[in-house]
Amino acid sequence: MIATPSLTVQARKEPRQARSTTTVEAIYEATIQVLLADGPSRLTTTRVAKRAGVSVGTLYQYFPNKQALFYAVNQRYLDMLADRVEAACRAQHGQNYADMARALVGTYITVKIERRDVTRVLYLAAVEVDVAELVEDMTQRIEAASNVMFASAGDAEFDNLATLNLTLLNVLFGTVRSFFDRQMSDLLEGAIGDQIVSMFCSALEAARSHPR
């Protein structure tokens, strides 16, 4: 499923030339910087345009309002997250399931903490505009990629893999979000990440098919 934004948050047009792409990139980064500096409630298109070094009129050529900016930066981030996890899952096809679990969990956490300030502020910005479809699209992409990956495991087959995989992903997503909400994301780089991998491996081991 590909998320389709409503008219109130949809970008006016996509950049087609190098100059336009550069302008949109500057607007994206400026939106992030204003969110980090001022928070979602104080973000305005005027502030973003000034930070990006473009006129408000130029910004409006691409984004009609600040809700469209919120939607666009969340869409960009979630697409990048799904791309990275999908690539990690493809690279693990045919490997053992423990390595698969480490790759899946490790990649997801790595993306989240690479720019943890951005991750945290986008969680906050998400309350300003409905991004449920974007989150669902990201979730379905990761679910599909990880399900295919675990199904290809060279050392095991699993009972009820789809249900197990969905449950494990909910644990991963919810745990990471909780640590960001509590401003404890630094713990994800160490023991907490290792514990999530251990939970994945324990659950996968318990679900292994055993020939009669």
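Each value in this text was obtained by applying a stated rule to the coordinates, not by laboratory testing. All values derive from a computational prediction rather than experimental measurement.
With contacts taken as Cα pairs under 8 Å and at least 6 residues apart, the stretch 18-64 reaches a relative contact order of 39 percent.
Percent relative contact order of the chain, based on C-alpha pairs within less than 8 angstrom and at least six residues apart? Could you put the intermediate results ahead of the total?
Values: 226 pairs, mean separation 49.4, N = 212.
Computed value for the chain: 23 percent relative contact order.
Secondary-structure-derived ellipticity at 222 nm for the chain, considering helices only, amounts to -23000 deg cm²/dmol, per-run term -39500 (n - 2.57) for DSSP H runs with n ≥ 4. Within the chain, which whole H helices from DSSP have a Cα span along their axis of at least 18 Å and a mean Kyte-Doolittle hydropathy of -0.5 or more, if any? Correct list, ordered by number: 18-38, 66-91, 97-114, 132-151, 161-181, 191-206.
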